[in-house]
1. If each of residue 23 and residue 1 carries a label point 7 Å out from its Cα toward its Cβ, how far apart are those two points in nm?
2. Please rank 1, 35, fewest neighbouring Cβ atoms within 10 Å first, as an exposure proxy.
3. Per q in 0.11, 0.18, 0.19 Å⁻¹, report the Debye log10 I(q)/I(0) for the chain, using one uniform scatterer on each alpha carbon and no solvent.
4. How many percent of all Cα-Cα pairs in region 1-61 sit more than 18 Å apart?
């Protein structure tokens, strides 16, 4: 049967192992956070590049590049589609809430 000292020493060793593992995990999480931040900055930089190219396409700087013009047309189409969806959502929200308000008023009378 282990003595109190042996039990205490065993606990200290295990706590030291857990602390060391926690330290390693903490460092790994820190590196993962740094990686995510770097990827986010990279995506933002790509987005900036794309916006600059799109503005130049709009101004006519790349009129001879059919691939870029095709991408510009796709972007314009997607923007129009997004505006359509925004309008549909606004209509749904307005009609949904006005219908609910009318139903609430009818129920309270």
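None of the figures in this text is laboratory data; all of them are computed from the coordinates on show. Since this is a predicted model, take the numbers as computed values, not measurements. Reconstructed Cβ throughout: ideal geometry from the backbone, glycine too, with neighbour counts over all protein chains shown.
1. 3.6
2. 1, 35
3. -0.74, -1.00, -1.03
4. Cα-Cα pairs in region 1-61 separated by more than 18 Å: 67 percent.
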